[in-house]
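Below: one structure, written as structure tokens.
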Amino acid sequence: MGKIVAVTGNEACALALRQINPDVCAAYPITPATDLMQRFSGYVNDGKVDTELILVESEHSAMSACIGAAAAGGRVATATSSQGLALMWEMLYIAAGTRLPIVMPLVNRALSAPLNIHGDHSDGMGARDTGWIQLYSENAQEAYDNTIMAFRIAEHLDVRLPIMVCMDGFIVSHSIERVEYVDDADVKNFVGKFEAVHPLLDLENPKSYGPLILTDLYHEYKRAQHEVMTKVPAVIETVSAEFAKMTGREYNLFEKYRLEDAEIAIVVMSSAAGTTKDIIDQYREKGVKIGLLKPRMFRPFPFTEIAEALKHVKAIAVLDRADSFGGMGPLYSEIAACVMQMDSKPAVTNKIFGLGGRDYLPDQAEYVIDELIEIAKSGKVKTVKEYIGVRE
Amino acid sequence: MSKKFWEELPQGSVVLEAGSSAKFKTGSWRSMRPRWIEENCIQCMFCWMYCPDMSVKVTEEGKRADFDFEYCKGCGICALECPGKKGNKAIVMEGEGN
């Protein structure tokens, strides 16, 4: 068993990067991810890693340098948040389209305006369509474990795609929690040696990255990109099973909590799932058959598997820590697509919560469950999309 | 390029063949055409150096030869940079088809 410590999410992820010892990290500070790369730069300074740390002038440059280093044939990582991710936007698509396995902890934070530094999923959801794999973590332990597994997933020869490991800004990144580390040697062995695919630094075999592809082949390239995403779930399952063998900590594409015999269900990601589980326990004691489904893998989204896991419930509340203004919450849209595959067609509501780090408190979960009980009885949804925890 | 199916494409659109840009002939883009006036040419090779493609041919002796119009987009950089001889340009741009 590894060492048990009390650390923040950032500290744990920085340590994971130290254990993995990437070839190149290019980074630019942004709250709340600053602390993560700052700690990692300390490891570089102290000679604990061999990583070439490139301190760039913006996040656009950070991702650009990561793309260059990955194309050159290196194992590459960076970390960012919020506006930093937004500034990387065009480069995110290039990293994915070029099939470069860059690993990036994303410390989820709200987007401006108004300016806010606290946790919500607006940044990650904005990058939903970039072609990156996205894993969401409930706590520091999951963020640490996902960071280690992310290298194996991204670098798998069936995948070769960049990956974001998401955790909630401040709530996870800056809160001290119990974390069980994996021993350095075990991490090194688990992650293995980096295998470069078409490295630019292989001078014997010259090649070009980033060609112009117009109407004759672009559509085919996107079809191929769609195809590789369909291979990701199986790889995540294999890597997670191997990780469970090593650590005893089990991970799947999503977590089910008291869902097997549930009549109503809440779907929520990341740290809010923890609070929700506590309230679910209280309602279970009162005899309410409620369960939770917590997606871990948001991209690609496991539509079929989630449809199967939720088909027996009568009503579902999807809690989104981000909004698509004028549309539905992003997680709701995915769950609604799952419901379309079911014969049972449970009622689904969408609750927008916790924007800009607004606390998600037990009374919000209670409000949602009380309403779910009513919907399950009547079969009627009064308001499909609603903000909760809002002063009005 | 032959029309490929999506299953056959190289990962990440990496071009694995070196020097394949020679197959990409851009001469048909041209609306302006450079004309080389040999008597004004001092063989400074600026045109060869500035050409963004490979339209300026060089002989085995390292002397400037005439244009290779298969690669010339008619951008005019060579004509702009040409110092010429005694104020007379060795490259002038003319309308294509004139």
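The values are calculated or read from the model by the stated rules, or taken from the named source; none is laboratory data. Values in this document were obtained by computation on a predicted structure and should not be read as measured data. Neighbour counts run over all protein chains shown; Cβ positions are idealised from the backbone, glycine included. SASA here: full protein model, heavy atoms, side chains in, ligands and nucleic acids out. Shrake-Rupley method; radii C 1.70, N 1.55, O 1.52, S 1.80 Å.
Say whether the condition of being of a type outside the set (Ser, Thr, Tyr), free of Cβ contacts under 8 Å to residues at least 40 places away in the same chain and away from chain B (no Cβ under 12 Å) is met by at least one residue in the range A:166-185.
yes
Output the qualifying pairs, or none if there are none: Cβ atoms under 6 angstrom, residues six or more apart or on different chains, first residue in the range B:22-48 and farther than 23 Å from residue B:96 by Cβ, second residue open to solvent by less than 40 Å² (accessible area, probe 1.4 Å).
Within 6 Å, the pairs are B:43/B:64.
If the Cβ limit is 8 Å and pairs must be 6+ apart or interchain, which residue in the range A:1-16 that is closer than 16 Å to residue A:171 by Cβ pairs with which residue that is of a type in the set (Phe, Trp, Tyr)?
Once the first residue is closer than 16 Å to residue A:171 by Cβ and sits in the range A:1-16, its partners that are of a type in the set (Phe, Trp, Tyr) give A:9/A:144; A:12/A:144; A:12/A:181; A:13/A:144.
Need pairs with beta-carbon distance below 9 Å; first residue surrounded by 14 or more Cβ atoms within 10 Å (Cβ to Cβ) and within the range A:225-251, second at pLDDT below 95; sequence gap 6+ or separate chains.
A:228/B:11; A:247/A:1; A:247/A:2
Give all pairs with beta carbons closer than 6 Å in which a residue from the range B:69-84 that is closer than 18 Å to residue B:97 by Cβ meets a residue that is open to solvent by less than 60 Å² (accessible area, probe 1.4 Å) and in a helix (DSSP H, G or I); count only pairs at least 6 apart in sequence or on separate chains.
The qualifying pairs are B:69/B:27; B:70/B:27; B:72/B:27.
Among (1) in contact with an Asp or Glu (Cβ under 9 Å, 6 or more places away or on another chain); (2) not assigned by TED's automatic domain parsing to the domain that holds residue A:158, there is one condition residue A:228 misses while meeting the rest; what is its number?
(2)
For residue A:202, state whether it is more than 19 Å from the chain's Cα centre (by Cα), under 22 Å from residue A:36 (Cα atoms), in the same structural domain as residue A:146 (by TED's automatic domain parsing) and surrounded by fewer than 21 Cβ atoms within 10 Å (Cβ to Cβ).
No.
Does residue A:263 fit the bill of being under 16 Å from the mean Cα position of the chain (by Cα) and open to solvent by 50 Å² or more (accessible area, probe 1.4 Å)?
no
Could you check the range A:117-161 and list, in sequence order, the residues that are assigned to a helix (DSSP H, G or I), within 14 Å of chain B (Cβ to nearest Cβ) and not aliphatic (A, V, I, L, M)?
A:155
Test residue A:32 against the criterion of being in contact with a strand residue (DSSP E or B) (Cβ under 9 Å, 6 or more places away or on another chain) and either modelled with pLDDT under 95 or farther than 30 Å from residue B:13 by Cα (or both), and give yes or no.
Taking the combined requirement at face value, the residue satisfies it.
To keep it simple, each residue is scored yes or no on (1) surrounded by 12 or more Cβ atoms within 10 Å (Cβ to Cβ); (2) within 30 Å of residue B:65 (Cβ to Cβ); (3) facing chain A (nearest Cβ under 9 Å).
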residue	(1), (2), (3)
B:3	no, no, yes
B:9	yes, no, yes
B:18	no, yes, yes
B:25	yes, yes, no
B:30	yes, yes, no
B:36	yes, yes, no
B:41	yes, yes, no
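Could you please give the count of residues in the range B:1-50 that are under 14 Å from the mean Cα position of the chain (by Cα) and in a helix (DSSP H, G or I)?
Total meeting the criteria: 11.
Going by the conditions given, is residue A:285 assigned by TED's automatic domain parsing to the domain that holds residue A:93 and either closer than 14 Å to residue A:296 by Cβ or of a type outside the set (Gly, Ala, Ser) (or both)?
For residue A:285, the condition - assigned by TED's automatic domain parsing to the domain that holds residue A:93 and either closer than 14 Å to residue A:296 by Cβ or of a type outside the set (Gly, Ala, Ser) (or both) - is not met.
Let me confirm something: among A:70, A:65, A:16, A:26, which residue is within 14 Å of another protein chain (Cβ to nearest Cβ), in contact with a strand residue (DSSP E or B) (Cβ under 9 Å, 6 or more places away or on another chain) and either among the aliphatic types (A, V, I, L, M) or buried (at least 24 other Cβ atoms within 10 Å of the Cβ) (or both)?
A:70 is the lone residue from the list that is within 14 Å of another protein chain (Cβ to nearest Cβ), in contact with a strand residue (DSSP E or B) (Cβ under 9 Å, 6 or more places away or on another chain) and either among the aliphatic types (A, V, I, L, M) or buried (at least 24 other Cβ atoms within 10 Å of the Cβ) (or both).
Could you pull out the residue among A:331, A:355, A:292 that is under 30 Å from residue A:96 (Cβ atoms) and open to solvent by less than 30 Å² (accessible area, probe 1.4 Å)?
On inspection, the qualifying residue turns out to be A:331.
For the range A:142-153, indicate whether the set of residues that are of a type in the set (S, T, N, Q) and either under 27 Å from residue A:245 (Cβ atoms) or open to solvent by less than 10 Å² (accessible area, probe 1.4 Å) (or both) is non-empty.
yes
For the range A:75-97, how many residues meet the condition of being surrounded by fewer than 23 Cβ atoms within 10 Å (Cβ to Cβ) and of a type outside the set (A, V, I, L, M)?
So the count comes out to 5.
Looking at the range A:187-239, which of its residues are of a type in the set (Val, Ile, Thr) and at the interface with another protein chain (Cβ under 9 Å from one of its Cβ atoms)?
Across the range A:187-239, the qualifying residues are A:197, A:213, A:228.
Before we move on, is residue B:81 loosely packed, with under 13 Cβ neighbours inside 10 Å and either under 30 Å from residue A:71 (Cβ atoms) or away from chain A (no Cβ under 14 Å) (or both)?
no
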